[in-house]
Amino acid sequence: MLRYISIVLRTILCTAGAIALLYVFSYPFSLIAPDPAADYAEGLTAEDFRPWLWLVPFLFMELVSAAGPRRNLVWFTSLLLVMGAALIAWPVLTARMPELVHPMFDYDDGKLAQGMTYMFCVLGLTMFTRLVVLRFLYPPEKEEPDDINHVDADVLDPSTGLTVRKILANPRKARPNFLFGGVDEERLRGFRAILRRLRLLSNWKNAGWLSLVIGIILWFFLYPQPDEQQALQRDLQTMYQYRKLPDGTRQATFPAVHAAYRVMKHISDKELFAGLNRQQAEHWLRLKDVPAAYRSQLRDESDLSVASVDDIFDSRTRFLTVTDGRRTALLYIRTNKEGDIINISEVQDAGWNARSDDLRRRFGTASSRQYYY
């Protein structure tokens, strides 16, 4: 009983470690954010440890699985449970929160797609090392059969022969195995029925596992995904979600700022605001449905210098700003000479990667100064 309790508890702990391993593989920037100051720091910085963070949950899993019996069962059960759950969640997240599955920018971390790739690598390597290499180097010990009729060769050696008196004092009798009469058909039918039940149970078990695997595969590939217009409508509903801070101000939620960037990118790429005035653009963005206090915050057109760009030399107007306090999505417009018709819309991001923001800001400032001076 204690053996099974140990296996269950270790499987739970190892599963927690596998969840942490998947998270570290998928979202390392959320644990140690890129810091441009680290480029000028001497000695080791926190960013130097980011590529090795996965070792912490990995070694934890190794210790837990090796702390008792059935270590391979504990290890592979934990890995497969987490990977199966991630595969089930994958299409749902892709349809509703794609920012958790795929990176929005080249300078963002790899998200769940990268994490699952690394998890499959871990699964493959550990299967090879545990089931092939270690079994070859340390084969399981085979138990010798307990045969009462077995006689060692040294017993038959004449030099070690026993006297009659010694044999009588310690007799060794073979255990005969006689079969009287014919075959017991009733007992044979009973054994065959047991074998059929065992075979049927094994077939049902294999069919159950196969059905589970096929079900996960079908779920992964056949879960309905939104088309471009459906994704746009989803993001238009999500981008105005916010939370109230203690000081009374409002901030966008994590999904809202990502949805806002996707909407702004769609507007910029398609030039949907070209030829519209401000009121028409606001109507397209459904700003009338946003509470007045938050709408005025979103539509603030005052000059704003963000981490990724300095607009001191730009003749563009900040039209819409969505931020969660760390990440910011901005939609800029350029108007005609009279300032009443939008000619061009541009999207700007900041806060996803501080190092990239710093490089873009310095490059943009240098280019602007070269152009103007």
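Details
- Net charge of neighbours whose Cβ lies under 11 Å from the Cβ of R96, counting Lys and Arg as +1 and Asp and Glu as -1: -1
- Of the two radii for region 209-291, the radius of gyration is 1.17 times the Kirkwood radius, both from the alpha carbons; that is the Rg over Rh value.
- Within the chain, the longest segment free of exposed loop sites, counting GluC sites (Glu not before Pro) that fall outside DSSP classes H, G, I, E and B and have at most 15 other Cβ atoms within 10 Å, spans 144-270.
- Treating r as the C-beta distance of A85 and T253 and R0 as 22 Å, the FRET efficiency rounds to 0.40.
- Once C-alpha pairs closer than 8 Å and six or more residues apart are averaged by separation and normalised to the residue number of the chain, the relative contact order reads 15 percent.
- Dividing the summed helix terms, -39500 (n - 2.57) for each DSSP H run of n ≥ 4, by the number of residues in the chain produces a 222 nm estimate of -17000 deg cm²/dmol to the nearest 500.
- Relative contact order [Cα under 8 Å, 6+ residues apart], region 1-70, whole percent: 53
- Apportionment of accessible area to carbon and sulfur, region 197-331, percent (1.4 Å): 58
- Positive dipole terminus of the chain, leading residue within F60, A329, V290 (C-beta point charges): F60
- Within a Gaussian network of the chain (alpha carbon springs, distance under 10 Å), most fluctuating of G190, G275, G351: G190
- Lys-Lys pairs in region 235-356 that are eight or more residues apart or on separate chains and whose Cα atoms lie under 23 Å of each other come to 4.
- Region 222-373: radius of gyration and largest Cα-Cα distance (Dmax), Å: 16.1, 57
- Among M119, M127, the sequence by solvent-accessible area, most first, with a 1.4 Å probe is M127, M119.
- A cut-off under 13 angstrom between Cβ atoms defines the neighbours of H258, and their net charge, with Lys, Arg +1 and Asp, Glu -1, is +2.
- Label sites at D106 and A292, each approximated as a point 7 angstrom past Cα along Cα to Cβ, lie 4.6 nm apart.
- Between R362 and W284, the contour length at 0.36 nm per residue exceeds the alpha carbon distance by 24.7 nm.
- Of the peptides 286-292, 100-106, the ranking by mean beta-carbon count within 10 Å, highest at the top, reads 100-106, 286-292.
- Environment charge of E271, counting only residues whose C-beta is closer than 13 Å and scoring Lys/Arg +1, Asp/Glu -1: +1
- Length gained on full extension, L125 to L31: 31.3 nm, using 0.36 nm per residue less the C-alpha separation.
- Length gained when the stretch L63-S302 is fully extended (0.36 nm per residue, less Cα-Cα span): 80.4 nm
- Residues in the chain average 66 Å² of solvent-accessible surface per residue, probe 1.4 Å, ligands and nucleic acids excluded.
- Per-selection Rg to Rh, region 296-342 - Cα, Kirkwood hydrodynamic radius: 0.98
- Of all complete DSSP H helices in the chain, those with a Cα span along the helix axis of 20 Å or greater and a mean Kyte-Doolittle hydropathy of 1.6 or more are 2-26.
- Highest mobility in the GNM of the chain, judged by mean-square fluctuation with C-alpha springs under 10 Å and restricted to S308, S65, S30, is found for S30.
- Cβ-Cβ FRET estimate between N336 and E228, R0 fixed at 35 Å, reported to 0.05: 0.75
- Surface composition of region 1-47: carbon and sulfur make up 72 percent of the accessible area, probe 1.4 Å.
- Placing R0 at 35 angstrom, the Cβ-Cβ distance between Y4 and F49 gives a FRET efficiency of 0.35 after rounding to 0.05.
The values are calculated or read from the model by the stated rules, or taken from the named source; none is laboratory data. Since we're looking at a predicted model, the values are computed, not measured. Here Cβ is always computed from backbone atoms with ideal geometry, including for glycine, and neighbour counts include all displayed protein chains. Side chains included, ligands, DNA and RNA excluded: accessible areas come from the protein's heavy atoms. Shrake-Rupley method; radii C 1.70, N 1.55, O 1.52, S 1.80 Å.
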